[in-house]
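The values are calculated or read from the model by the stated rules, or taken from the named source; none is laboratory data. From a predicted model like this one, the values you see are computed outputs, not experimental measurements. Here Cβ is always computed from backbone atoms with ideal geometry, including for glycine, and neighbour counts include all displayed protein chains. These accessible areas exclude ligands, DNA and RNA; they are computed on the full protein's heavy atoms, side chains included. Shrake-Rupley method; radii C 1.70, N 1.55, O 1.52, S 1.80 Å.
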Amino acid sequence: MEKNFRRVHTLTNIIVSAVFAVAGIGLFFINAGLGISLIVLGVLLFFLWKSGFRKDGLDTVLTKVAIDVPRSFRQNILDFLEGRADEVEFKEGCEGGCVRIEAFYNKHEQIVFAQLMDFSSYTYQPVGEMTELRGAKAAKLIETLGK
């Protein structure tokens, strides 16, 4: 898989880090040790906790999801990603072997970057290229991923 996604801060990451830091500043005057610990925790969270993703050349913050599905859904998913089918259907599980759908999506902008992967030799091997979906097709895939 082409590695053109990088980790970035989401609004939630920044808010949680700030809450810990501000709570630490407030507690510093009551209990200095606890206050300093919370301030350090807030700063560490800010620098280490990045749960969003951004594709090179795109300003949208994306969420990553990876789902293992039974091999029986492989062709349906592949047809949907390559544009040969308008509907996609799958469920989580590994009956009869596994394939993995790795997707980066933004629900509000209806954009998805998805790739199907086969499990072989104890690793996931990409099947085809990373596919970009927008609009109604992206919304269908996002809805299916969320189930």
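Of all the listed residues (ARG84, ARG54), the sole one being closer than 18 Å to ARG134 by Cβ and modelled with pLDDT under 90 is ARG84. In summary, strands (runs of 3 or more DSSP E) completely within region 48-136 and bearing 3 or more residues that are among the hydrophobic types (A, V, I, L, M, F, W, C) and either closer than 28 Å to VAL8 by Cβ or open to solvent by 80 Å² or more (accessible area, probe 1.4 Å) (or both) occur at 63-70, 98-106, 111-120, 123-134. All conditions but one from (1) farther than 28 Å from TYR105 by Cα; (2) buried (at least 17 other Cβ atoms within 10 Å of the Cβ) apply to ASN13; the one that does not is (1). If you scan region 75-117, which residues turn out to be without any contact (Cβ under 8 Å) to a residue 24 or more places away in the chain and acidic (Asp, Glu)? The one that is without any contact (Cβ under 8 Å) to a residue 24 or more places away in the chain and acidic (Asp, Glu): ASP79.
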